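Q: Submitted below is the structure of interest, expressed as structure tokens.
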Amino acid sequence: MTSIPTITLNNGVAMPQIGFGVFQVPNDETAAAVAAALDAGYRSIDTAAIYGNEEGVGRAIADSGLDRGDLFITSKVWNSDQGYDETLAAFHASLDKLGLDYLDLYLIHWPAPARNTYVESWRALETLYTEGRIKAIGVSNFLPEHLEQILAAGTVVPAVNQVELHPTLQQRGIQSFNVAHGIATEAWSPLAQGALLDDATVLDIAAAHGVAPAQVVLRWHLQQDRIIIPKSVTPARIQQNLDLFGFELTDAELAALDALENDGRTGPHPAEFNG
């Protein structure tokens, strides 16, 4: 079984650098996918209330026989549940669906700036964190302008900012802001929803190392100290996405992947999306 490296968050919590994402996995297929991931060696699972599959994740955890302390479970509060009391209620609803007593990481899913409630939600996360119901708290899809509001109003610095990030959308400004404030960067859609797997640069590097294109892109993330949550429902692909430690990209190869930046966003823009 692969030994997965960890990233130490700003509060001392160790988070696996590779997790398993379940975005767009139907609830009735989620338990099998998560079970396959746990069997492959994943110990970090990333879900969200809006995915509608927290129950499936919970079933897989319960059936796994694994010690809860060996798992790292993330969920997120959805935009329409933002606000102080609403966020508290959403958190407890997620816990119930997952069948857990606590979460390792809880995120505000989007800033949803037109709603203007993410600061209130952050205060709720701080309350839950202080009560020990969450090991670490953070945000998702937050731009520096949103993070600045959190830092000004809150007492806890977010441990994680999960954003869309891949070679064609590197979010360098956000990454720099995160580093400056001790916030770990976690990449969702680390493979640009598969769009990079036919790229000539990626294919050339994959051929040079005798690995799959997805492994090249995921290794690029790891060598730049990001947390990643690749998604698949195919057991062979689930295993392959974890098999990233038998090769290392050269500086020239890293630079070639860096050069693919073209503002190639696949999801909504955080300044405009309100859900």
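The values are calculated or read from the model by the stated rules, or taken from the named source; none is laboratory data. All figures in this text were calculated on a predicted structure; none of them were measured in a lab. Here Cβ is always computed from backbone atoms with ideal geometry, including for glycine, and neighbour counts include all displayed protein chains.
Q: Do the conditions hold for ALA252, that is, is it aliphatic (A, V, I, L, M), without any contact (Cβ under 8 Å) to a residue 40 or more places away in the chain, over 23 Å from LEU38 (Cα atoms) and not in a loop (DSSP other than H, G, I, E, B)?
A: yes
Q: Turning to a different aspect of this structure: Looking at (1) in a loop (DSSP other than H, G, I, E, B); (2) over 27 Å from TRP110 (Cβ atoms); (3) within 21 Å of the chain's Cα centre (by Cα), find the lone condition where VAL211 falls short.
A: Only one criterion in (1) in a loop (DSSP other than H, G, I, E, B); (2) over 27 Å from TRP110 (Cβ atoms); (3) within 21 Å of the chain's Cα centre (by Cα) is unmet by VAL211, namely (3).
Q: What pairs come up if the first residue lies in the stretch 221-242 and is of a type in the set (Ser, Thr, Tyr), the second is outside any strand (DSSP E or B) and crowded, with 17+ Cβ neighbours inside 10 Å, and their beta carbons are under 8 Å apart, counting only those six or more places apart or on different chains?
A: If the second residue must be outside any strand (DSSP E or B) and crowded, with 17+ Cβ neighbours inside 10 Å, the pairs left are SER232/ALA33; SER232/ILE238; SER232/ASN241.
Q: Oh, and also: Being at pLDDT 95 or above and outside any helix (DSSP H, G or I) narrows it down to one of LEU95, LEU107, so name that one.
A: LEU107
Q: With VAL233, VAL202 as the choices, which residue is β-branched (Val, Ile, Thr) and either loosely packed, with under 13 Cβ neighbours inside 10 Å or modelled with pLDDT of 95 or more (or both)?
A: None of the others qualify; the one that does is VAL202.
Q: Out of (1) more than 24 Å from LEU147 (Cβ to Cβ); (2) surrounded by fewer than 17 Cβ atoms within 10 Å (Cβ to Cβ); (3) of a type outside the set (Lys, Arg), the odd one out for LEU71 is which?
A: Condition (2) is where LEU71 drops out.
Q: Evaluate the following for PHE177: is it in a loop (DSSP other than H, G, I, E, B), among the aromatic types (Phe, Trp, Tyr) and free of Cβ contacts under 8 Å to residues at least 60 places away in the same chain?
A: So PHE177 does not fit the description; no.
Q: If you don't mind, another one. Just one of GLU164, GLU186 is surrounded by fewer than 23 Cβ atoms within 10 Å (Cβ to Cβ), within 13 Å of the chain's Cα centre (by Cα) and among the acidic types (Asp, Glu); which is it?
A: Answer to the selection: GLU164.
Q: Quick test of your reading of the structure: TYR129 fulfils all but one of (1) among the aromatic types (Phe, Trp, Tyr); (2) more than 15 Å from TRP78 (Cα to Cα); (3) in a loop (DSSP other than H, G, I, E, B). Name the failing condition by number.
A: Condition (3) is where TYR129 drops out.
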